[in-house]
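Scroll down for the structure; my scribbles are underneath it.
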DNA sequence: CTGAAAGCGCTTACAG
DNA sequence: CTGAAAGCGCTTACAG
């Protein structure tokens with residue numbers, strides 16, 4: 001692999017000039033520029049990344065930390081983030097935290113601090129104060145998606161408002177028997193998104209003077225099968241069946257639709273179902289939902305990071321409290337309708 | 001951020017001793033070891049990655065290249081690969097090629113050669129000879145999943161055999177009207193997996209003396225909606241409806257099941273449906289399928305890479321032709337049955 | 001505009 | 001077992 005020295009020799013200039021010509025940061029005579037470019041392409045020269053990083057302290061690489069990747073939300077974030085990063089010449093290093101608590105602390109205490117990343121994008125992860133402080137000391141920005149991180153910039157949809165809006169939509173259609181299919185919080189470093197959405201749901205019920213029932217507040221795992229199972233249980237109960245389901249994800253809503261069909265119930269005539277996400281498949285299944293525009297959120301988060309990184313007077317202590325509430329919209333499709341009374 | 005020098009000073013030894021003590025590669029007196037460890041943990045010392053790489057030429061980082069990440073197959077590979085890598089102290093740098101041809105060549109000609117990765121895992125991507133040669137010259141192994149790459153190590157299920165087996169299963173149940181829902185090849189650097197599976201399908205038909213029909217060979221995109229649409233079209237045709245569907249993915253099979261139901265057809269009494277993958281949701285929907293054990297494939301591929309990298313006499317020219325045929329199994333669930341004649 | 005040289009923070013023969 | 005020193009391959013003040 002050709003190094004800068006060989007390029008310099010071939011071009012008949014110094015390595016300093018090669019560096020300047022290729023980076024484009026400093027002026028170089030047209031003649032030198034041409035000679036360097038020719039030599040570089042002839043030798044197939046590519047800047048050694050570690051030398052570049054060691055000399056400049058910049059990595060052109062950001063770390064993305066998420067609890068898992070094999071779920072729609074996460075893979076969608078990843079896809080959008082990578083696309084935005086690569087088009088800016090940045091690499092993306094992925095850390096999934098499937099390994100649990102140990103892996104999580106290994107990532108934060110070692111991987112992120114080795115100086116391989118310039119910044120971190122935390123997806124649906126709640127870093128603690130010490131972890132943020134450590135990044136801060138190194139001058140590394142951390143931006144979060146999916147919840148509020150005290151002491152850092154975050155982007156999140158208003159989960160409480162979304163839960164409330166979804167429920168109000170059902171109430172406005174005359175429903176009073178409304179169940180909420182939510183999610184579990186598995187670790188102490190995940191956001192309480194299920195709790196916030198449920199709180200919005202309960203608030204909407206209370207405002208409308210509708211009594212809430214414990215039995216109608218059930219747990220799923222955001223997947224189609226879990227939505228199916230929970231909905232079948234709820235809708236199959238002969239004495240206690242709700243007429244409407246508010247699901248925390250479109251996948252669970254899709255599962256619920258299938259469960260209703262299998263019970264011989266018509267959607268939306270017999271049961272109304274609303275999700276959250278605006279998943280790729282939502283339109284196809286006609287799911288009424290609340291948008292999250294996940295790709296756009298991820299792209300925005302990456303741009304925020306890139307902007308911070310290109311700020312010339314970014315010192316240490318770069319992270320500040322700042323939450324951007326991401327707009328959500330209700331999209332009414334064909335799975336919700338006036339209650340059949 | 002404390003450097004090795006500060007640790008050396010605090011421990012009262014040279015930087016060489018610190019390096020040796022921390023890496024554990026060379027013997028160090030118990031006393032020095034203790035002093036270094038204490039000093040390092042006191043200062044929160046973490047080895048600078050770029051300095052380590054520049055000095056050693058090793059990155060402890062591998063690049064994963066895939067056409068996209070927001071599909072089950074890819075996110076599952078990614079999840080498994082990351083889990084295996086991180087537990088070996090390796091990072092994973094993700095390159096998705098959603099940006100098309102330009103992005104692809106940028107990745108291969110620039111990103112991969114900057115020396116940031118020690119090896120590459122190519123997922124469902126067909127690098128060309130020059131690209132492999134370039135990696136070879138740098139002594140970087142490339143291992144592929146999802147198809148055969150001439151000149152590199154690969155792991156792939158036998159797509160032809162899988163297509164044949166799926167079709168034979170349907171034939172053995174008495175079906176003769178069998179459609180194949182396959183996928184499109186969008187770029188010239190993707191594998192011809194749809195073609196291979198279809199060839200297996202056609203071979204099985206031929207062996208059984210069953211005539212194949214153009215109209216029963218249709219395209220999808222591996223997703224639930226595309227399976228639904230294609231199946232509805234096929235099964236709704238009053239003169240030409242097949243009695244069995246062989247789908248190239250379980251998601252398409254699930255879509256097909258839903259389409260059949262919506263047409264009032266019973267699965268498997270009226271239509272038999274088989275997929276490929278053994279997707280997370282396959283068991284739930286009772287899909288008869290052919291396993292791919294994707295996670296295990298990805299883990300195996302990563303281990304292959306790690307083994308190569310730890311081989312002390314790995315020089316340049318590390319890539320050789322070598323394909324491992326990954327075993328597949330037929331799992332008969334409840335979506336296939338004897339033809340209703 | 002350009003070059004010589006220091007420096008980024010490690011690792012590792014080489015001596016001892 | 002340990003230290004002094006060279007070297008990894010760049011970038012960037014500093015002079016000119």
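The values are calculated or read from the model by the stated rules, or taken from the named source; none is laboratory data. All figures in this text were calculated on a predicted structure; none of them were measured in a lab. Every residue, glycine among them, receives a Cβ derived from its backbone with ideal geometry; neighbour counts consider all protein chains shown.
List of remarks:
- Breaking point among (1) more than 18 Å from the chain's Cα centre (by Cα); (2) in a helix (DSSP H, G or I), for residue B:139: (2)
- Selected residue (only one of A:143, A:107, A:120 is touching a helix residue (DSSP H, G or I) at 6+ places or on another chain (Cβ under 8 Å), on the phi < 0 side of the Ramachandran plot and at the interface with chain B (Cβ under 9 Å from one of its Cβ atoms)): A:107
- Residue check: residue B:255 meets all listed conditions (1) more than 25 Å from the chain's Cα centre (by Cα); (2) without any contact (Cβ under 8 Å) to a residue 60 or more places away in the chain but one, namely (1).
- Output for region B:223-276, where each listed residue is in a loop (DSSP other than H, G, I, E, B) and surrounded by fewer than 21 Cβ atoms within 10 Å (Cβ to Cβ): B:223, B:237, B:238, B:239, B:240, B:241, B:263, B:264, B:265, B:266, B:269, B:270
- Lone qualifier among B:39, B:30 - being surrounded by 14 or more Cβ atoms within 10 Å (Cβ to Cβ) and within 16 Å of DNA strand D (Cβ to nearest atom): B:39
- Region A:13-23, residues that are under 23 Å from residue B:137 (Cβ atoms) and either away from DNA strand D (no atom under 11 Å from the Cβ) or more than 14 Å from chain B (Cβ to nearest Cβ) (or both): A:15, A:18
- Failed item in (1) at negative phi; (2) without any contact (Cβ under 8 Å) to a residue 40 or more places away in the chain, with residue A:340 passing the rest: (2)
- Filter result (within 21 Å of residue A:272 (Cβ to Cβ), in a loop (DSSP other than H, G, I, E, B) and either without any contact (Cβ under 8 Å) to a residue 40 or more places away in the chain or in contact with a helix residue (DSSP H, G or I) (Cβ under 8 Å, 6 or more places away or on another chain) (or both)) within region A:173-214: A:177, A:208, A:209, A:210, A:211, A:212, A:213
- When B:10, B:94 are checked against the criterion of being modelled with pLDDT of 95 or more, more than 12 Å from DNA strand D (Cβ to nearest atom) and in contact with a helix residue (DSSP H, G or I) (Cβ under 6 Å, 6 or more places away or on another chain), B:94 stands alone in meeting it.
- Of everything listed in (1) in contact with a helix residue (DSSP H, G or I) (Cβ under 6 Å, 6 or more places away or on another chain); (2) within 7 Å of chain A (Cβ to nearest Cβ); (3) touching a residue at least 24 places away in the same chain (Cβ under 8 Å), the single unmet condition for residue B:80 is (2).
- Unique match (being free of Cβ contacts under 8 Å to residues at least 24 places away in the same chain, in contact with a strand residue (DSSP E or B) (Cβ under 8 Å, 6 or more places away or on another chain) and not assigned by TED's automatic domain parsing to the domain that holds residue A:146) among A:233, A:217: A:233
- Answer from B:75, B:50 - the residue that is within 11 Å of DNA strand D (Cβ to nearest atom), at pLDDT 90 or above, within 7 Å of another protein chain (Cβ to nearest Cβ) and surrounded by 19 or more Cβ atoms within 10 Å (Cβ to Cβ): B:50
- Filter pass, residue A:152 being more than 14 Å from chain B (Cβ to nearest Cβ) and surrounded by 22 or more Cβ atoms within 10 Å (Cβ to Cβ): yes
- If only residues of region A:24-45 that are away from every other protein chain (no Cβ under 14 Å) and closer than 23 Å to residue B:112 by Cα are counted, the one that is modelled with the lowest pLDDT is A:24.
- Of all residues in region A:4-27, those satisfying the criterion of being loosely packed, with under 15 Cβ neighbours inside 10 Å and within 39 Å of the chain's Cα centre (by Cα) are A:23, A:24, A:25, A:26.
- Taken over region B:277-330, residues that are in a strand (DSSP E or B), under 30 Å from residue B:256 (Cα atoms) and under 21 Å from the mean Cα position of the chain (by Cα) amount to 7.
- Residue B:42 being away from DNA strand C (no atom under 13 Å from the Cβ), without any contact (Cβ under 8 Å) to a residue 40 or more places away in the chain and more than 30 Å from residue B:222 (Cα to Cα): yes
- Residue count for region B:110-131 under the criterion of being more than 13 Å from residue B:63 (Cβ to Cβ) and over 19 Å from the mean Cα position of the chain (by Cα): the result is 2.
- Enumeration of residues in region A:7-22 that are more than 6 Å from DNA strand C (Cβ to nearest atom) and not in a helix (DSSP H, G or I): A:12
- Restricting attention to region B:53-72 and to residues that are more than 9 Å from every other protein chain (Cβ to nearest Cβ) and in contact (Cβ under 8 Å) with a residue 60 or more places away in the chain, the residue that is farthest from the chain's Cα centre (by Cα) turns out to be B:58.
Per-residue answers, yes or no, for (1) crowded, with 22+ Cβ neighbours inside 10 Å; (2) outside the structural domain of residue B:193 (by TED's automatic domain parsing); (3) within 22 Å of residue A:67 (Cβ to Cβ):
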{"position": "B:71", "(1), (2), (3)": "no, yes, yes"}
{"position": "B:80", "(1), (2), (3)": "yes, yes, yes"}
{"position": "B:98", "(1), (2), (3)": "no, yes, no"}
{"position": "B:128", "(1), (2), (3)": "no, yes, no"}
{"position": "B:147", "(1), (2), (3)": "no, yes, no"}
{"position": "B:165", "(1), (2), (3)": "no, no, no"}
{"position": "B:170", "(1), (2), (3)": "yes, no, no"}
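- Members of region B:83-96 found to be over 29 Å from residue B:8 (Cα atoms) and either within 9 Å of chain A (Cβ to nearest Cβ) or buried (at least 22 other Cβ atoms within 10 Å of the Cβ) (or both), listed by number: B:83, B:85, B:92, B:93, B:94, B:95, B:96
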